[in-house]
Amino acid sequence: MSADSVRDLAVDPADTVPDGDLDGAPEHVDDLPDDRFSNRELSWLGFNARVLELAEDQNQPLLERVKFLAIFAGNLDEFYMVRVAGLKRRADMGLQIQSADGLSPRGVLGALAARTRELVERHANYFRNVATPQLAAEGIHIRRWDDLDDDERKRLAEYFESKVFPVLTPLAVDPSHPFPYISGLSLNLAVLVRDPDDEVQRFARVKVPNNVPRFVVVSSSVVEVELLPLEDLIAAHLSMLFPGMEVVEHHLFRVTRNADFEVEEDRDEDLLQALERELMRRRFGPAVRLEVADDIDDSVVELLVSEIDVDPDDVLRVPGLLDLSSLHQVYDIDRPMLKYRPFVPSTNPRFAEGETPKSVFATLRDGDVLVHHPYESFATSTQRFIEQAAADPRVLAIKQTLYRTSGDSPIVDALVDAAAAGKQVVVLVEVKARFDEVANIAWARTLERAGCHVVYGLVGLKTHCKTALVVRQEGNQIRRYCHIGTGNYHPKTARLYEDFGMLTADPEVGADVTDLFNVLTGYSRQRQYRRLLVAPHGVRAGLIERIERQAEIARAGGEALVQFKVNSLVDEETIDALYRASQAGVKADLIIRGMCALRPGVPGLSDNIRARSIVGRFLEHSRVFRFGAGDDAEYWIGSADLMHRNLDRRVEALVRVTLPSAQRDLRDVLELAMSDESEGWDLAGDGTWHRRPFGPSDQHRHLQEALLRRIIGKAA
């Protein structure tokens, strides 16, 4: 499954899977206990377990639950490719550096293996024993070859001969045919055949092609759909691949390979060339996981372990079908009654008069606009901002960062049009964005050919900030318009990811974003800004300074509050600042979708801290920071999560939100998320998550459903 298809869904593994590093334990702090951090990898598995809980939730529409099963599988694939792979490399190197919770790489791997096996078995059994029968009850049948009648087999045999057989390549293993390379995440059949002449058994591998749908349609009507796994069809016709041989047995297996690589950046070498070289190496990374069907013969497992060179402890026996990420194909079946009710994002009322769009520039001259995706339309706000800038003859320049974007990108099209119209267009394309490297290299070259000035990023850093700057001639003055957001300039995921974006003509923000682009494209080393906090030098320090300011207020007897909404919280310095603030009497509310190494509610340490996770229809992706309980509270939004990689090895940007109505919108989302009536998972001091009530109730509501009702109500 492609990285794009994964990111088009409700979970973004690239944001939840940390870079392949193992940060050492922090220096001992005398007044804080040594065991104050939870393990970040186990915390990530806890997040994926919450995804699995949604798949198991009977209150969710059936096909949505099937999609969550697929998301769980895709998440786990990337977790192994990146985080587990990085831990294995360090363990193999004999590194004993401990993580913040005191575990060595091998200690972490051992704990992960046990938890992963438990989740994988639960995931597979739920699909086989619960989801499959429920799908059948709704007329969606996943068949096996032995269940088909003669007519069905005949039709599928014709399909096999015309569509599948020509692309299959059986690969023998013998003294003249070495064991073939097994590509990462591919499905494969291990086949044992016997030569009738000498009765000797031989091994062969048949790759299940990934350019043919995983599920073959046996029959389809308005009310009934019957599907057959492609590997079943291939297995039933193995005799065509090995004529004259007896097929003794066959087994399905799948390999996950290390994709945790770092580009060796040399100031004298072209970054694109270096990256393309490393991408080629990724294809041949060492195996970190071998998945096999649970009925596989032990001798075949031993052969695979030996030839693929995988640790026996990394073999996962899976009940039923392998690679349930392919269930996205089942989700795509046209059964709207089995999915969430569709909704149309509204246009922010500042950008329209009735049904008539307004000029983005005229609107922003009247004040900032905060947009909330996917509830408010990306197309009629952020995208329109760039498109109007490209078409406006008074616009002189457009500068923008692109971390991820879609395969069919109106943003890129607008930038190309702007360059063709003679505008100065500067685009920073982050070609090191994990799993989007190939796509981003292609975008960079497309933009270059169009005449845009393209920058690939900074040596040693990833550029993750979401910023756009438009420079416009207005009479005898130059005015700057900006967008700063929490999500990528990706129109498709903007309909599925929850994000905030601020559009503004504020001169201070314009000056800040101009300075930031000078850092990104030139040799500027500016570190101080007016309304921005910029990593790698300013975000952690700026947040901790504001946490400590709240602690001073609490110690003086005032009401003090900190509220964070982020994807992950694992940065030890920030966590320690929150612990000390809690000890001083600051109330801290943490809304964390993924990893959390902080332990809330521990007596004497974090009594005043609550942590909650919200997982649902949309990917909770925004980063919002509030400091203060009163009307003078500060609100910030931006791209940075509270992780080492974001704070130390990326260019991130947070912007202060000053418009009172926008502050109220942010406050309402934060307070609704932490409300006693809101559904979600609460984190206990021992690192375990406990689910709050889900399902229809007059007393309980899901944050996303509440926000959807608001949008629908406004539209009505």
Go through the residues of the range 405-416 one by one and say whether even a single one is modelled with pLDDT of 85 or more, assigned to a strand (DSSP E or B) and open to solvent by less than 10 Å² (accessible area, probe 1.4 Å). no
Report yes if Val292 is part of a helix (DSSP H, G or I), over 30 Å from Val222 (Cα atoms) and among the aliphatic types (A, V, I, L, M), otherwise no. no
For Gln699, work out the one condition from (1) assigned to a loop (DSSP other than H, G, I, E, B); (2) at pLDDT 95 or above it doesn't fulfil. (2)
Among the residues of the range 106-115, write down those that are open to solvent by 30 Å² or more (accessible area, probe 1.4 Å) and at pLDDT 90 or above. Ala113, Ala114, Arg115
Restricting the first residue to the range 579-594 and requiring it to be of a type in the set (S, T, N, Q), which pairs with a second residue that is outside any strand (DSSP E or B) and open to solvent by 20 Å² or more (accessible area, probe 1.4 Å) meet a Cβ separation below 6 Å and a spacing of at least six or different chains? Ser582/Asn608
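Tell me the residue from Arg540, Arg546 that is assigned to a helix (DSSP H, G or I), under 22 Å from Leu666 (Cβ atoms) and in contact with a Phe, Trp or Tyr (Cβ under 6 Å, 6 or more places away or on another chain), please.
Arg546
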Cβ-Cβ under 6 Å pairs, at least 6 apart or on other chains, the range 475-500 side surrounded by 24 or more Cβ atoms within 10 Å (Cβ to Cβ), far side basic (Lys, Arg) and at pLDDT 95 or above: Gly485/Lys466; Thr486/Arg623
Taking only pairs six or more apart or across chains, which ones have beta-carbon atoms under 6 Å, a first residue in the range 30-52 that is open to solvent by less than 10 Å² (accessible area, probe 1.4 Å) and at pLDDT 90 or above, and a second residue that is among the small types (Gly, Ala, Ser) and not in a loop (DSSP other than H, G, I, E, B)? none
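Conditions tested, residue by residue: (1) open to solvent by 70 Å² or more (accessible area, probe 1.4 Å); (2) part of a helix (DSSP H, G or I).
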site: Gly86; (1), (2): no, yes
site: Arg90; (1), (2): no, yes
site: Arg117; (1), (2): yes, yes
site: Arg122; (1), (2): yes, yes
site: Ala131; (1), (2): no, yes
site: Lys154; (1), (2): yes, yes
site: Phe160; (1), (2): no, yes
site: Asn188; (1), (2): no, no
Find the residue count for the range 347-392, including only residues that are among the small types (Gly, Ala, Ser) and buried (at least 17 other Cβ atoms within 10 Å of the Cβ). 4
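Could you say whether any residue in the range 389-397 is under 30 Å from His702 (Cα atoms) and of a type in the set (D, E, K, R)?
Step one: of the range 389-397, the residues under 30 Å from His702 (Cα atoms) are none.
Within the range 389-397 (the criterion being under 30 Å from His702 (Cα atoms) and of a type in the set (D, E, K, R)), the answer is no, since none of the residues qualifies.
Just to be sure, is Ala157 hydrophobic (A, V, I, L, M, F, W, C) and touching a Lys or Arg at 6+ places or on another chain (Cβ under 8 Å)? Lay out the reasoning, then the answer.
Values: hydrophobic (A, V, I, L, M, F, W, C): yes; touching a Lys or Arg at 6+ places or on another chain (Cβ under 8 Å): no.
Judged against the criteria, Ala157 is not a match.
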It is to be established whether one or more residues within the range 638-645 are of a type in the set (Ser, Thr, Tyr) and surrounded by 18 or more Cβ atoms within 10 Å (Cβ to Cβ). yes
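Just one of Ser183, Ser162 is within 30 Å of Val288 (Cα to Cα) and among the small types (Gly, Ala, Ser); which is it? I'd like the intermediate steps shown before the answer.
Numbers: Ser162 fails: within 30 Å of Val288 (Cα to Cα).
Sole residue among the options that is within 30 Å of Val288 (Cα to Cα) and among the small types (Gly, Ala, Ser): Ser183.
The values are calculated or read from the model by the stated rules, or taken from the named source; none is laboratory data. Every value quoted in this text rests on a predicted model; they were computed, and no experiment measured them. Quick reminder, even Gly has a Cβ in these numbers, built from the backbone with ideal geometry, and neighbours come from all protein chains shown. Heads up: the accessible areas ignore ligands, DNA and RNA and are worked out on the full protein's heavy atoms, side chains in. Shrake-Rupley method; radii C 1.70, N 1.55, O 1.52, S 1.80 Å.
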